[in-house]
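Q: Below: one structure in structure tokens.
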Amino acid sequence: MATLIDAKAGSQRPRHPEKANRPDAPSPRKPDWIRVRAPAGGVYEATRAIVRENKLVTVCEEAACPNIGECWSQRHATFMILGEVCTRACSFCNVATGKPSGLDAAEPQNVAKAVAAMGLAHVVVTSVDRDDLDDGGAQHFIETIAAIRAAAPTTTIEILTPDFLRKDGAVERVIDAKPDVFNHNLETVPRLYLSIRPGARYFHSLRLLEKVKDRDPQQFTKSGLMVGLGETKEEVMQVMDDLRSAGVDFLTIGQYLQPTRKHAALERYWTPDEFKALETIAYAKGFLMVSASPLTRSSHHAGEDFAKLKAARAAAA
Ligand code: SF4
């Protein structure tokens, strides 16, 4: 379980002040199929060193991702821009919440330097939610994309954005920066939004994905869901239909893992066979690519998956 105190901040600041007084929600015992590789080894350490040297934040660490040992050992990290404190308080998420500090103007260049130093063929850039900024952080995304294009012209770029709720014109500007993949996660089924993603709106997120496809049909769109929060299979299938109506190309589905006892309760572990069944159903509904397994995360194997996505589009043409 991740810590409740933000040790990185060098203080006793609670990482999730809004969750501190919530009752504990114990998780069921982890099944055998949730096995992760312990972080270690030369390449893992080299990735860590590049992240530290460039003073970067990764969602791999901030979200306590179970795949960090595997990904960092393959020089794959997902950079988190716009700081490390989020203005939302989603009940599933381990990213620290509170009032963020000002933007780091050097961050786009530092991300680009790290991408070039790591020799990445494909990079995923995500961010915290910044409701406090007039544009929700759109300009910072745009500058980061431009800096990566300049420093590493052959690297393909995937962005995993917040929802830019009530930030008129922001999404359009980010689409026009032309990332190769535009990812925005729906995270869960609409019935659970109020308890799991209280600051977000299901149909706004869906409309965002549709807007990307309307404005730039060549841009790949991607979205992800967690299961294990109490949703039914039928509800997941309805979300698949909604995403296909919005023209989304790539769906990821993974098991929710509870970061601490103060986070949303983990209702149950879906079995590997159930994930396989979801994958089959999603392909039948017309997604170009589907990744569904207990440890699937939206940025897991993103580079390999991008190559498969392009091949799937070419085959379907
Ligand atoms: S799956 Fe994504 S967030 Fe997790 S370690 Fe890999 S790159 Fe980082």
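Computed from the coordinates by the stated procedures, all read-outs in this text should not be read as laboratory data. Because the structure is predicted, anything quoted here is derived from the model rather than measured. Because the Cβ atoms are built from the backbone with ideal geometry, glycine has one as well, and the counts that use them run over all protein chains shown.
Q: Cβ-Cβ below 7 Å, separation at least six or inter-chain, first residue in the stretch 51-66 and over 16 Å from Gln255 (Cα atoms), second part of a loop (DSSP other than H, G, I, E, B) and more than 9 Å from the ligand (Cβ to nearest atom): which pairs?
A: So the pair list comes out as Val57/Glu84; Glu62/Glu84; Glu62/Asn94; Glu62/Val95.
Q: Ok, one more. Where in the stretch 35-119 are the helices (runs of 4 or more DSSP H), entirely inside, with at least 2 residues that are within 19 Å of the chain's Cα centre (by Cα) and within 10 Å of the ligand (Cβ to nearest atom)?
A: So the answer is 59-62, 68-72.
Q: With the requirement that a residue be within 22 Å of Leu160 (Cα to Cα), charged (D, E, K, R) and away from the ligand (no atom under 13 Å from the Cβ), what does the stretch 264-312 give you?
A: The answer is Glu279, Lys308, Lys310.
Q: Further question: Which condition from (1) out of contact with any His (no Cβ under 6 Å at 6 or more places or on another chain); (2) crowded, with 19+ Cβ neighbours inside 10 Å is the one that Phe203 breaks?
A: Exception for Phe203: condition (2).
Q: Would you be able to tell me the number of residues in the stretch 37-62 that are surrounded by 14 or more Cβ atoms within 10 Å (Cβ to Cβ) and over 30 Å from Ala105 (Cα atoms)?
A: 2
Q: Another one. Which of the residues that make up the stretch 278-302 are in contact with a helix residue (DSSP H, G or I) (Cβ under 7 Å, 6 or more places away or on another chain) and surrounded by fewer than 17 Cβ atoms within 10 Å (Cβ to Cβ)?
A: Within the stretch 278-302, Ile281, Lys285, Gly286 qualify.
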